[in-house]
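A short write-up of the structure that comes next.
The values are calculated or read from the model by the stated rules, or taken from the named source; none is laboratory data. Bear in mind the structure is a predicted one, so any value in this text is a computation, not a measurement. As a convention, Cβ positions derive from the backbone with ideal geometry for all residues, glycine included, and neighbour counts pool all protein chains shown.
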Amino acid sequence: MALFYILACLLVIAGLAAILPSALRAGKANPASEQMEQDQLETNISIAREKRANLQRALADGSIDQASFDAEITNLENSLAMDLSAEQKHNESSRSGYVAAGLIALFLPIASGALYLHLGTPQGVDTETMHAQALAERQQQQQTQQPPALTELLPNLEKKLEANPEDLDGWKLLGKSYLTIGEFSNAKRALTRAYNLEKNDPELLSQLAEATAMDKGGDLSGKASKFLDDALALDPEHKQSLWLKAIASQQAGKHEDAIARFENLRSGVIGNADALASIDEMINQSRNALGLPVKSSAETAQNETTESERSSTTDADNNEQSPTAALSITVDITEQAKANVNPDDSVFVFARASKGPPMPLAVSRHTVSELPVSIVLDDTMAMIPDMTLSRFPSVTVGARVSKSGNAIAQAGDWFTEKNNVVVADSPKLVLTIDQLKN
């Protein structure tokens, strides 16, 4: 930093050395020339005096009249005045040259410094600060899992698809991508274009139902419910459609139907405590609405013990033969978010495929009062047996506070997400709930 300032001062001095001589020369004449000019002035004054004396004598002896005398005197005075004026201008020019040189010497350094502060980069002198800022930027980029250009890439993809509107796979991919990043209106539009090309794909129908519902704040009635009915007519065991249809029935007040559908899903996740807890919570909401007794966790666990033991040997053999994917996660919440939720509000920690069905691959349920909490999401926590972490190379991992206890995200929920997490790396993630869903 000291070297920079020394070089800057030397440059200013060099500039002054180039400019000041010209200004000083304007105010400094050759001494011999000055002496000659002074002698010439004195000679002109002497001549003027002699001419005046001669004119006075001529007027006295009558050689010239008064009018001629006055005219000659006037000419003589004007000529002398011109000589004196030229000398005065020369002196003023000399003084102005020195003044200009002084002003340049004073204001050039000041103007240079002010211009640098305005247009330059003063903080660039502090190399330590610059290195710290560069390091902070690199760390921030490393922490950002989702490419910042994704929101720009998807509109570009959509423009290309407009030029090739029959690209069914392209519209599906675009719709899934929009659905993954939470742009539900765009997802609905893209998936509708795919639906117009193919109406017999249960996966597409289920995703279109979800996008339609989320575009209306999570309401699965109307068109969304119709899409789910069509999906289940094509594939009665389609897990994502079963899950969404069960929630749709609950929203519509058809609690008997909702319980039946949740029980159907429940039979496929025996042994998965977290998935069972989420489903049981939904079942108990419907049972409570019907005035039926709510099953406690202890009763549920006791009923499952026999079935779990019955399949434990087979599951153990399968686990020995195939590796289990796992993600270690620590979940916390900011003070701002914590001030806007209740200690007993549900916290869902989940992982879903980055490119694939939006249904969670693994879920763990907690409460706000437990935060911060460290958990592990793995294949044993899948809500649907054939939809596990190990089946997908990258996932979106998130945590969400649900005031209603509903497993589907709703406006007003506090959440956080990290996208494109590579499952094979088994990373240790830190999630901090700090965003409010609109």
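Tabulated results
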{"quantity": "Test: residue in the range 207-227 that is in a helix (DSSP H, G or I), of a type in the set (Asp, Glu) and buried (at least 21 other Cβ atoms within 10 Å of the Cβ)", "calculated": "yes"}
{"quantity": "Cross-chain or 6+ apart pairs with Cβ under 7 Å, the range 332-344 first and touching a residue at least 12 places away in the same chain (Cβ under 8 Å), then surrounded by fewer than 14 Cβ atoms within 10 Å (Cβ to Cβ)", "calculated": "332/372; 343/369; 344/369"}
{"quantity": "Subset of the range 155-212 [among the β-branched types (Val, Ile, Thr) and touching a residue at least 60 places away in the same chain (Cβ under 8 Å)]", "calculated": "180, 181"}
{"quantity": "Residues satisfying the stated conditions in the range 357-395, i.e. of a type in the set (Ser, Thr, Tyr) and either at pLDDT below 90 or not assigned by TED's automatic domain parsing to the domain that holds residue 328 (or both)", "calculated": "364, 380, 388, 390, 394"}
{"quantity": "In the range 339-374, residue nearest to residue 412 (Cα to Cα) [restricted to those that are assigned to a loop (DSSP other than H, G, I, E, B) and of a type in the set (S, T, N, Q)]", "calculated": "340"}
{"quantity": "Cβ-Cβ under 8 Å pairs, at least 6 apart or on other chains, the range 228-246 side closer than 19 Å to residue 269 by Cβ and at pLDDT below 90, far side of a type in the set (Phe, Trp, Tyr) and not in a helix (DSSP H, G or I)", "calculated": "none"}
{"quantity": "Residue in the range 402-417 that is under 22 Å from residue 242 (Cα atoms) and assigned to a strand (DSSP E or B) present", "calculated": "yes"}
{"quantity": "Unique match (being crowded, with 20+ Cβ neighbours inside 10 Å and either at pLDDT 85 or above or not assigned by TED's automatic domain parsing to the domain that holds residue 369 (or both)) among 260, 289, 275, 326", "calculated": "275"}
{"quantity": "Among (1) over 28 Å from the mean Cα position of the chain (by Cα); (2) over 24 Å from residue 435 (Cβ atoms); (3) of a type in the set (A, V, I, L, M, F, W, C), the one test that residue 171 misses", "calculated": "(1)"}
{"quantity": "Flag if residue 252 is surrounded by 13 or more Cβ atoms within 10 Å (Cβ to Cβ), in contact with a His (Cβ under 9 Å, 6 or more places away or on another chain) and hydrophobic (A, V, I, L, M, F, W, C)", "calculated": "no"}
